[in-house]
Amino acid sequence: MRGNKLIYTAAMIAGIILICVSLIFFGDEESKILSGISIGIGAGLFGMSVAMLSINAIDNKKPELKKQNEIELSDERNIMIRDKAKARASDITKPFFILLLMLTILAEAPLWLTCVAIGVFLLREIIEFFLIFKYNKKM
Amino acid sequence: MKNRLEEIRRAKGIRQEELAKELEVSRQTIGSLENGRYNPSIVLAFKIARYFDMKIEEIFLYEE
């Protein structure tokens, strides 16, 4: 728990630094994309860390609630529901991703953007096959 | 798969919340088991059977 607290505090500080850096150093038009990415990652890190630290604080004050949350998290039906929902969401969004990929070609987006999109799509497929292979051996 | 979980639990005078707490599962899982919407893993089936000091097949009824 203490280790987690340190990690989340560090992530929160990193998030604040990222936001500050992007606001101070990337103000001009040329570094707009870099600034956007920094703010996005910084805000994400900050938000996640604050949320996790708050959850930890509540858990420490109310041990019975912590126990209940742990049960909910490790409950086999809940795990199955979460895994199934994630898998279904991934399957449903797959055609949209292909559509997005085609849009980058039709909209004559920069080649690197199309390549990155294809790379991400291929990575997803490779991970899926790797996991099928892994679970086939494991189960 | 059909089961007699609700009948057995009621006969013992145990609430769903209490059973869930003893088995370390959510109350919704107990509800879903009783409604027949969810089939438990073999581990949970054993836990339930041991909790009631019964055999698995006395609680869970397998029908082809």
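The values are calculated or read from the model by the stated rules, or taken from the named source; none is laboratory data. Bear in mind the structure is a predicted one, so any value in this text is a computation, not a measurement. Here the Cβ is made from the backbone with ideal geometry for all residues, glycine too, and neighbour counts use every protein chain on show.
Scanning the stretch A:41-79 for residues that are more than 9 Å from chain B (Cβ to nearest Cβ), surrounded by 14 or more Cβ atoms within 10 Å (Cβ to Cβ) and of a type in the set (Asp, Glu) yields a count of 1.
Do any residues in the stretch A:92-120 that are exposed (fewer than 12 other Cβ atoms within 10 Å of the Cβ) have Cβ atoms under 6 Å from those of residues that are modelled with pLDDT under 95 and assigned to a helix (DSSP H, G or I), where the two are at least six apart or on different chains, and which pairs are they? If the second residue must be modelled with pLDDT under 95 and assigned to a helix (DSSP H, G or I), no pairs are left.
The residue list A:89, A:51 contains one member that is in the same structural domain as residue A:8 (by TED's automatic domain parsing), assigned to a helix (DSSP H, G or I) and out of contact with any Asp or Glu (no Cβ under 7 Å at 6 or more places or on another chain), which is A:51.
Looking at A:74, A:49, just one residue is among the hydroxyl-bearing types (Ser, Thr, Tyr) and closer than 29 Å to residue A:129 by Cβ, and that residue is A:74. Scanning the stretch B:16-48 for residues that are surrounded by 12 or more Cβ atoms within 10 Å (Cβ to Cβ) and either of a type in the set (Lys, Arg) or farther than 24 Å from residue A:70 by Cβ (or both), which turns out farthest from the other protein chains (Cβ to nearest Cβ)? Applying the filter and picking the extreme gives B:36. There is at least one residue in the stretch A:57-65 that is of a type in the set (Asp, Glu) and under 30 Å from residue B:27 (Cα atoms).
Do we have any residue at all in the stretch A:64-73 that's acidic (Asp, Glu), on the phi < 0 side of the Ramachandran plot and in contact with a helix residue (DSSP H, G or I) (Cβ under 8 Å, 6 or more places away or on another chain)? Lay out the reasoning, then the answer.
So the first thing to find is which residues in the stretch A:64-73 are acidic (Asp, Glu), and the list is A:64, A:70, A:72.
If we keep only those that are on the phi < 0 side of the Ramachandran plot too, we end up with A:64, A:70, A:72.
Still in the running and in contact with a helix residue (DSSP H, G or I) (Cβ under 8 Å, 6 or more places away or on another chain): A:72.
Yes.
Scanning the stretch A:77-97 for residues that are of a type in the set (D, E, K, R), in contact with a helix residue (DSSP H, G or I) (Cβ under 9 Å, 6 or more places away or on another chain) and within 24 Å of residue A:127 (Cβ to Cβ) turns up just one, A:94.
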